[in-house]
1. Which one is modelled with the lowest pLDDT among residues in the range 97-147 that are over 14 Å from the mean Cα position of the chain (by Cα), among the aliphatic types (A, V, I, L, M) and under 22 Å from residue 188 (Cα atoms)?
2. Mind checking which residues of the range 6-26 are touching a Phe, Trp or Tyr at 6+ places or on another chain (Cβ under 8 Å) and closer than 23 Å to residue 88 by Cα?
3. Just give me the residues in the range 1-37 being within 18 Å of the chain's Cα centre (by Cα), at pLDDT below 95 and of a type in the set (Val, Ile, Thr), in sequence order.
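The values are calculated or read from the model by the stated rules, or taken from the named source; none is laboratory data. Only a predicted model underlies this, so the values are computations on that prediction, with no experimental measurement involved. Neighbour counts are summed over all protein chains in view; Cβ atoms, including those assigned to glycine, are modelled from backbone coordinates with ideal geometry.
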Amino acid sequence: MISYVKGTVAYIGNDCIVVDNNGIGYNIQVSSSTASAVVMEKEVQIYTYMNVKENELSLFGFLTKEELNMFNLLISVNGVGPKSAVAMLGALSPSQLALAIATEDIKALSVGQGIGKKIAQRIALELKDKVGADTITTGIEFVQKVDVATGERAEALSALMALGFTKNEAENAIKAVFVNGMATEEIISKALKVVK
């Protein structure tokens, strides 16, 4: 089992990188966000998951342990393969995914390749109790909704509910502070002062 690979970035593709470690090039499948974060010929440490199939060994890589932990949670759900999990992590950060799971945001969870509504619902159902409050940041980082029309109020509502407030408490706090043009972070910050 390879826990991580540390070396120099020798190649960057859309969904993979090659890390040179003492003359051995490790081809590692990564999310689009990881591929865009690494720099050619710079040293990098990538946490890895080895996927073993009958005729193939694949390495999937992550810049942080949080990404690897979320990946392991996602692939524990029946119907979610490593490539789908990596695609989800390319679209949303681990804390955004945790918030989407906690609030059962099916649209946000459907961003991965091969993740339809039924599998997204299964992810929310099976993982809701496994994503703890420590996985979800305190409202500073929140789910970027796939459907932008839901707006800042809906994002703030999701964030407040993920922090343990009831839907009614969160809605009342948002109504008390909301003014058109407010950013989501501002709504959350002001609503927290009202609701506490």
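1. Checked the range 97-147; the qualifying residue modelled with the lowest pLDDT is 140.
2. Of everything in the range 6-26, those that are touching a Phe, Trp or Tyr at 6+ places or on another chain (Cβ under 8 Å) and closer than 23 Å to residue 88 by Cα turn out to be 17, 18, 19.
3. Scanning the range 1-37 gives a single hit, 34.
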